[in-house]
Structure formats: C-alpha cells, structure tokens
Amino acid sequence: MIAVITGDIVNSRSVDPNEWHIPLRNFLSKAITDQTKWEIYRGDSFQIQTDISSAFELMLLIKALIKQVPKLDVRMSLGIGESEYEVEKITESYGQAYINSGEAFEGLKDKTLLLKTPSKDFDEYFNPILGVVSFIADQWKPETARAFFYGLYYKDELQKEISEKMGINNTTLSRALKRAAFDELTSILNLYSNKVKLCFS
C-alpha cells in the first residue's frame, strides 16, 4: 500500500510564482529525497507518492507552508491503495492509489482536503474529520501558518528552540500555536496514524 497526494495552489496567479514554488520545491526535496516520487507540473499542480502513515502529516505541512504566502491556499486529495505501474515520472504512474487520489481530488468541491481509500468505512469515518481540519486550516493567517509549520516540522524539539529558529519569543509562538489549533490537529494526526495502520498494514 502507498499514499498519493494530488494538489494544486489556490489563487496561484495572484502572486509571483517564486513565492510558493521555490519553498515548496525546497521542502519536498528535503521531505522526499527520491525526487522521482514527486513532481510539480502544469504550473501550479503537484503530485507526491509517500508512505501511508506519514501522508496526512505531509499534507498539513504543505498546507502550512503555502498559507504563509498571503492570498494563497492549497487543495489536496489523498489516495491510498496499491501501485500497479511505476515509472520515473510520477504523473505517468498508475494504480489504485493514483486513481483514488484523482477521484478524491475531483470530489473536493468546496473543501480543501479529502481522501479516498480501499475502505469505505475508513473514508466515511475520516472525511468528516478532514472537513473540520479544512475549516480550521483554511482560516490560518500567514504568521499562524508559519507557527504551525515550525511546530510540526520541528516537533521533536523544545518550544523554546523552535521560537529561536523563528526569531520570535516563546509567548508569541505559544499564542500562534493556540490560534492554529496545534494541539487539536496533532491529536488528529495521531488518530489518523493509528487508524491507518490498523486498516491497511
């Protein structure tokens, strides 16, 4: 089983593409060292193959990264399933995970996060939760998104160390993380990780 994330940048034409393209490319280069597993294409779209347990965390990191740029947002779908045909170019690979990701992306409508897996029960359980996550994350302001990104990316470090990396004081970071619903969203991340292992491992 693999996970495939399909996404596009909302309002990408309203800003200089370098404001999001370079940070996203740099982030993906570090997060997924095998660069055949991700691609930014068609200007403002991207696709990523990753493992199922960390896929949702990767989506939230991308959401927080993009929303640091004023006016921008990102829509993403997550597909879980088998990979039947893989080539060097991820957008030409094929399999259940790719199909599920594409179908979920088409079903986004007014949401910015959606998933589709081989389990209807899992989808019906977790997609309403993703709706709540979307509602929260869609409202992040750039500084709130930045705090969430740093908090999650450096989750194994002390908050004092994270605030130093950001160049802000610890109190400011704490308030920003609270506005971002950091504790609540990381609880959902843990819930996803546990559920996905039970269902698909």
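The values are calculated or read from the model by the stated rules, or taken from the named source; none is laboratory data. Just so it is clear, the structure is predicted and the values come from calculations on it, not from any experiment. Every residue, glycine as well, gets a Cβ built from its backbone with ideal geometry; the counts of neighbours run over all protein chains shown. Side chains are part of the model used for accessible areas, which takes the heavy atoms of the whole protein and leaves out ligands, DNA and RNA. Shrake-Rupley method; radii C 1.70, N 1.55, O 1.52, S 1.80 Å.
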Spatial separation of Cα centroids for segment 129-196 and segment 68-83, in angstrom
17
In nm, the gap between the two label points placed 7 Å beyond Cα toward Cβ at Q159 and K109 is 3.9
Within 10 Å of each candidate Cβ there may be at most 10 other Cβ atoms; applying that plus a DSSP loop requirement, which trypsin sites (Lys or Arg not before Pro) in segment 34-66 survive?
R42
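For segment 39-128, what does the alpha-carbon gyration tensor say about shape, rounded, prolate or oblate, given a ≥ b ≥ c as the root eigenvalues, a/c under 1.5 as rounded, and a/b over b/c as prolate? Please report the intermediate quantities before stating the final value.
Details: a/c = 1.77, a/b = 1.16, b/c = 1.53.
Oblate shape, in that a/c is at least 1.5 and b/c is the bigger or equal ratio.
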Can you tell me how segment 132-201 classifies by the Cα gyration tensor, rounded, prolate or oblate, using a/c under 1.5 as the rounded cut?
oblate
Please say if segment 125-169 is rounded, prolate or oblate, where rounded means a/c under 1.5 for a ≥ b ≥ c the square roots of the C-alpha gyration tensor eigenvalues, and otherwise the choice is prolate for a/b larger than b/c and oblate otherwise?
oblate
Karplus ³J(HN,Hα) for segment 128-139 (6.51 cos²θ - 1.76 cosθ + 1.60, θ = phi - 60°; Hz, whole; x = Gly/Pro) runs x, 5, 4, x, 5, 4, 4, 4, 6, 5, 4, 9
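Charges only on Cβ, +1 for Lys and Arg, -1 for Asp and Glu: so what's the dipole of the chain about the Cα centre, in debye to the nearest 20?
Here the chain has a charge dipole of around 720 debye.
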On a 1.4 Å probe surface of the protein chains, which of K197, K71 comes out largest in accessible area, and what is the full order?
K71, K197
In whole Å, what is the distance between the alpha-carbon centres of segment 1-53 and segment 102-126?
19
